[in-house]
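The values are calculated or read from the model by the stated rules, or taken from the named source; none is laboratory data. Everything quoted here is computed from the prediction, not taken from an experiment. Ideal geometry is used to build each Cβ from the backbone, glycine not excepted, and the neighbour counts take in all protein chains shown. We work out accessible area using only protein heavy atoms, side chains counted, and drop any ligands, DNA or RNA first. Shrake-Rupley method; radii C 1.70, N 1.55, O 1.52, S 1.80 Å.
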Amino acid sequence: MTESADLAPIREAVRALCANFPGEYWRRLDRERAYPEEFVAALTKAGFLAALIPEEFGGSGLTMSAATAIMEEIQASGCNGAACHAQMYTMGTLLRHGSAEQKARYLPAIARGELRLQAFGVTEPASGTDTLNLRTTAVRDGDHYVVNGQKIWTSRAEHSDLMLLLARTTPRAEVKSRTGGLSVFLVDMRAAKGKGLTIRPIRTMMNHATTEVFFEKMRVPADNLIGAEGDGFRYILSGMNAERILIAAECIGDAKWFIGKATGYAREREVFGRAIGQNQGVQFPIARAYIGMRAAELMVHEAAALYEAGKECGAEANMAKHLAAEASWAAADMCVQTHGGFGFAEEFDIERKFRETRLYTVAPISTNLILSYIAEHVLDLPRSY
Ligand SMILES: Cc1cc2nc3c(=O)[nH]c(=O)nc-3n(C[C@H](O)[C@H](O)[C@H](O)COP(=O)(O)OP(=O)(O)OC[C@H]3O[C@@H](n4cnc5c(N)ncnc54)[C@H](O)[C@@H]3O)c2cc1C
């Protein structure tokens, strides 16, 4: 499957923008664990983060394939889209399940960059991957809901105005279906901070602006409930395919960056009087990483094509994410090896990208859970958990 030539100008435009944010920019932020404000502002201004918002709401109205090209190019340029990738897919929940009034109120402002919807509060410390077991509750009180509980790994919460929050509105013991009783809210964090909402940063091995978030009697207007009360899990699931495909594309971009760095270095670095890339022991790992990346890339294209044709793509989105995350991690490891000692030097950016790309076999869904999904839903094996 080859890509449509229509995407070439988008790719070029993203590359041109990213050229203004070289390695030293990211290294400085990485050292300070600071947020790439200027980068996110530039992407927003260029309309890239509004790629999937329809034109009627002021977005660019592009396809999923175009959105994957944007995310891939960001990573392939050495930049880090994790600072803002969530806006592309979290807004899909609002777009698909929000009321006409909610969409009109929020989507154009998000597209214009006046509002940021970068925070996605699903994971909790106690329940982890077992989302249906989450403990955060939202209890109706007049024209508000009162939220109590805690989220963890809520990335970018300090740099976002809005958060898409999944909370339990009906106790698990009282729901009719296994997946019922959870609801999605669009929380205006500007209004809630200091009034029941506390955000605490978590320092991680890479610069990811992730946090833990505490809710103590936080009041959310009932108008901010997305769709029907109790159907939230289904809404979140419906956004997962987009999330998987876009993050898979980021991994492809990372893999391309590592492979590009490694081939460049292998051609130039001379040891024992010849380029190290002349040795098959150096060539073959690079070739292997390239093959892995290309195979994963085809699956990303397949998943994106199915998605934009409105067809079922759960298996392909998960397989794309799995293959791409494995390919980027294999390429990262190969790149360090190819560079020898310099692979560890900060100024080469390899160790930074190595830390950044490591995340994707764990989040937003870990390898085991993808394997379980394929085993159960594609291979018809018994559910394991
Ligand atoms: C940097 C970072 C950013 C994140 N950003 C966000 C965010 O913005 N919003 C958000 O909601 N979440 C976010 N997450 C959370 C992320 O989605 C989870 O960490 C991930 O889904 C794994 O869940 P867990 O950490 O709770 O692991 P656990 O569920 O505790 O699992 C631990 C390990 O056990 C394995 N495991 C668990 N159950 C099974 C089973 N039944 N069979 C086989 N293996 C199993 C898992 O695969 C994993 O390897 C982020 C995480 C990180 C680290």
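Would you check if R178 is assigned to a helix (DSSP H, G or I) and open to solvent by 60 Å² or more (accessible area, probe 1.4 Å)? Don't jump to the end; show me each part of the working.
Values: assigned to a helix (DSSP H, G or I): no; open to solvent by 60 Å² or more (accessible area, probe 1.4 Å): yes.
Criteria not met by R178.
Looking only at the stretch 334-363, count every residue that is within 16 Å of the ligand (Cβ to nearest atom) and either part of a loop (DSSP other than H, G, I, E, B) or among the aromatic types (F, W, Y) (or both) and tell me the total. Reasoning before the result, please.
Restricting attention to the stretch 334-363, the residues satisfying the condition of being within 16 Å of the ligand (Cβ to nearest atom) are 352-363.
Going one step further and asking which of them are either part of a loop (DSSP other than H, G, I, E, B) or among the aromatic types (F, W, Y) (or both), we end up with 354, 360, 362-363.
Within the stretch 334-363, residues that are within 16 Å of the ligand (Cβ to nearest atom) and either part of a loop (DSSP other than H, G, I, E, B) or among the aromatic types (F, W, Y) (or both) number 4.
So if I check each of E158, E124, which one is modelled with pLDDT of 95 or more, open to solvent by 40 Å² or more (accessible area, probe 1.4 Å), within 13 Å of the ligand (Cβ to nearest atom) and not in a strand (DSSP E or B)? Spell out the reasoning first.
Numbers: E124 fails: open to solvent by 40 Å² or more (accessible area, probe 1.4 Å).
Checking each option against the conditions leaves just E158.
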Exercise for the section: Scan A327, A317, A331, A375 and give me the residue that is within 16 Å of the ligand (Cβ to nearest atom), assigned to a helix (DSSP H, G or I) and surrounded by 18 or more Cβ atoms within 10 Å (Cβ to Cβ). Expected result: A317
Handout entry: Qualifying residue in the stretch 99-116 (condition: within 17 Å of the chain's Cα centre (by Cα) and more than 9 Å from the ligand (Cβ to nearest atom))
Key = yes
Completion exercise
Taking first residues from the stretch 123-140 that are in contact (Cβ under 8 Å) with a residue 24 or more places away in the chain and second residues anywhere that are near the ligand (Cβ under 9 Å from one of its atoms) and open to solvent by 70 Å² or more (accessible area, probe 1.4 Å), the pairs with Cβ under 6 Å that are 6 or more apart or on different chains are T123/W153
